[in-house]
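**Student:** Quick one: the structure is below, questions incoming.
Quick note: the coordinates plus some simple rules give every number you see, no bench work behind them. In this text the structure is predicted, and so the values were computed from the model without any measurement. Cβ placement follows ideal geometry from the backbone for every residue including glycine, while neighbour counts extend to all protein chains displayed.
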Amino acid sequence: MIEPRTVPGVYIKELNAFPNSAVQVATAIPVFIGYTQTNTFQGKSLKNKPVQLTSLADYVAFFESGGSPGPQIQYVLTEADPTKVTPDIALNGKSYTIAPDTTTLFYMYNSVQLFFQNGGSTCYVISIGTYADGQPKLADYMPQGKPSVFDILKGVQDPTMILIPDALLFAAEADYYSLMNQSLQHCSDVQSRMTIMDIWGADKVTDPLQFLALQASNADPISSFRNGITSPFVNYGACYYPFVNTNVVSANNITFANIKGGFAPYADSDTSTKAATDITNNVKKILALPNTNATEASAIHNALLATSPNYQNLMKQISLRINCLPVAPAVAGAIAVVDSTQGVWKAPANIGLISVQSPVLNIDDDLQSNMNVDAVTGKSVNAIRPFTGFGVLIWGARTLDGNSQDWRYISVRRTLIMIEQSVKLATRAYVFANNDANTWLNLKSMIENFLTGVWKQGGLAGASPAEAFSVFVGLGSTMTAQDILDGYLDVSVLVAVTHPAEFIEITFQQQLQKS
């Protein structure tokens, strides 16, 4: 307010020369939803509460209570007839299959670990239960008569990706896709995030010939996925296939405690030396004792590794299974790296994954052609493929809406989310401002300045800003006189988002010798 000029002299009046500025919002912050070892911290419940983490140490501090990190997954050995099923291991002349005890199997901890190992820097975790709750189930995510996880997420602004790895452990495949459809609906409602998902059962098919045989009858995991995802909001989702073999869980963290019932029933029946026999017999006795402490357990484990071929083989097989993980968390970490080094407009593909040794299924060009482009459903699935000399790469850049010209690519979808949310937050300063030419000019200048910055970084296509975007606002342009009376201020923004070069064709032709 200008003070009355009653005294002769010189008065200074400062006017703002520049409009408010729009600041780019964060683009690579996933939220992981699932089960943790505990969900109380310093006497306070963290259940169903979003907790921000910047390292795996944060996760351990909040959700592990200082105990041994991760779930104590136990595996069940079942004697098998080799003429009917392919056994996983042979011990003492008997064949066995190895499967996890589903009440002890959870993916959350290892998924968060895989995210950070692949370059992720910040994430959120929502614990909906603990390991004591048993096998993951849909009702924990969508409880009747109570807020769902998506109701909770509506009040959290930061996350831009949703990952629900423990849902892959539902007993019913239909329940998993029901939850994924709800997640896509949520992303469409808030318009600020995407769902990054895996395919239920993506660890089950490991042989390409087996996959093709299942595909012929539409019984393969990808066909089931396409039938299960029925949401109309597929442009807010991206899917990756298959699971991957990792080295996230160290061999030092896998012991006889991961064998349900202990190792004693499978101890070697034939040992080469009396010392080995004595150790094995002693181990059998110790294993039968309750409350084996950590020191004793370590001694038993090391003794068995040194003397028992059966134990060595069993530990190797269990290690392979514990380290078989959904790949979406690794992809989320890679997306975070791409966003920070190249920008959200760079397609998160042709990127090597860290701590990943191989995909469980070796996908070739013929197999991927049906994954990448599906003329019937349009639901694209991005492949995880190994390439000699380059490691395991993300080899796909499409959203689930693979046939859409507008939303085919993940980078386009995420760039638009970034632009929309950045402009939305900055525009709040103009709510209740005078709906006149001054406000329109300031608003237009703010958006144009922001988009010019995006264009300079390579996020928009065009030789000049005028070719990359256009902003329209004002009476007779985007509004009528009635709109102004009704309190509407409409702005129209056109942007040319860069698209990835997905298919590169180089033509060669011979020419006649010229000299």
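**Student:** Amide H of Ile199 versus every other amide H placed in the peptide plane: which residues, excluding those fewer than 5 positions away on the same chain, fall under 5 Å?
**Tutor:** Residues meeting the amide H criterion: Tyr240.
**Student:** Test of understanding: ordering Ile410, Ile89, Ile259 by Cβ neighbours within 10 Å, fewest first, what list do you get?
**Tutor:** So the residues, fewest neighbours to most, are Ile89, Ile259, Ile410.
**Student:** Which residue, chosen from Leu209, Pro69, Ser148, occupies the Cα position most advanced towards the positive end of the dipole of the chain, where the dipole is computed from +1 (Lys, Arg) and -1 (Asp, Glu) charges on Cβ about the Cα centre?
**Tutor:** Projecting each Cα onto the dipole axis, the largest value belongs to Pro69.
**Student:** Taking neighbour Cβ counts within 10 Å as the exposure measure, how do Ile98, Ile162 sort from fewest upward?
**Tutor:** Ile98, Ile162
**Student:** Can you compute the charge dipole magnitude of the chain about its Cα centre, using +1 on each Lys and Arg Cβ and -1 on each Asp and Glu Cβ, nothing else charged? Give it in debye, rounded to the nearest 20.
**Tutor:** 640
**Student:** While we're here: Among Ile222, Gln42, Ala251, whose Cα projects farthest towards the positive end of the dipole of the chain, with charges put on the beta-carbon of Lys, Arg (+1) and Asp, Glu (-1)?
**Tutor:** Value: Gln42.
**Student:** Find, among the chymotrypsin sites (Phe, Trp or Tyr not before Pro) in the range 349-398, those assigned to loop by DSSP (not H, G, I, E, B) with at most 14 other beta-carbon atoms within 10 angstrom.
**Tutor:** Loop-located and lightly packed - Phe390.
**Student:** Here is a further query. So who's got an amide H within less than 5 Å of the one on Tyr75, skipping anything under 5 residues away but keeping other chains? H placed 1.01 Å off N, in plane.
**Tutor:** Here Asp101, Ile259, Lys260 satisfy the definition.
**Student:** For the chain, give the share of DSSP beta bridges that are antiparallel, in percent and rounded to the nearest 5; count only bridges with both residues there.
**Tutor:** Of the beta bridges lying entirely in the chain, close to 60 percent run antiparallel.
**Student:** What stretch of the chain, leaving out the sites themselves, is the longest with no GluC sites (Glu not before Pro) in a DSSP loop having at most 10 other Cβ atoms within 10 Å?
**Tutor:** 15-504
**Student:** About its Cα centre, what dipole magnitude does the range 431-495 give when the only charges are +1 on Lys and Arg Cβ and -1 on Asp and Glu Cβ, stated in debye to the nearest 20?
**Tutor:** Magnitude of the dipole: close to 260 debye.
**Student:** For the chain, build the charge dipole from Cβ charges (+1 Lys, Arg; -1 Asp, Glu) around the Cα centre, then report which of Ser358, Ser477, Leu114 sits farthest towards its positive end.
**Tutor:** Leu114
**Student:** Based on Cβ point charges of +1 for Lys and Arg and -1 for Asp and Glu, what charge dipole magnitude is obtained for the range 363-515 about its Cα centre, in debye rounded to the nearest 20?
**Tutor:** 400
**Student:** Taking K and R as +1 and D and E as -1, what net charge do the other residues with C-beta under 15 Å from the C-beta of Pro147 add up to?
**Tutor:** That sum, taken over residues with Cβ under 15 Å, equals +1.
**Student:** Also: Of Val10, Val249, Val156, how do they rank once you tally other Cβ atoms within 10 Å and put the fewest first?
**Tutor:** Listing Val10, Val249, Val156 from fewest to most nearby Cβ atoms yields Val10, Val156, Val249.
**Student:** Of the labelled options (1) 294; (2) 158; (3) 169, which one gives volume of the Cα convex hull per residue in Å³ as computed for this structure?
**Tutor:** (1)
**Student:** Sticking with this structure for a sec: Summing Lys, Arg as +1 and Asp, Glu as -1, what charge do residues with Cβ under 12 Å from the Cβ of Leu320 carry, Leu320 excluded?
**Tutor:** Once all neighbours under 12 Å are counted, the net charge is 0.
**Student:** Take the residue pairs Lys204/Lys316; Lys94/Lys204; Lys47/Lys204; Lys379/Lys444; Lys146/Lys204; Lys44/Lys204 and return only those whose Cα atoms are more than 30 Å apart.
**Tutor:** Checking Cα-Cα distances, Lys47/Lys204; Lys379/Lys444; Lys146/Lys204; Lys44/Lys204 exceed 30 Å.
**Student:** Which is the longest part of the chain that has none of the trypsin sites (Lys or Arg not before Pro) sitting in a DSSP loop with at most 16 other Cβ atoms within 10 Å?
**Tutor:** The longest such stretch corresponds to 261-513.
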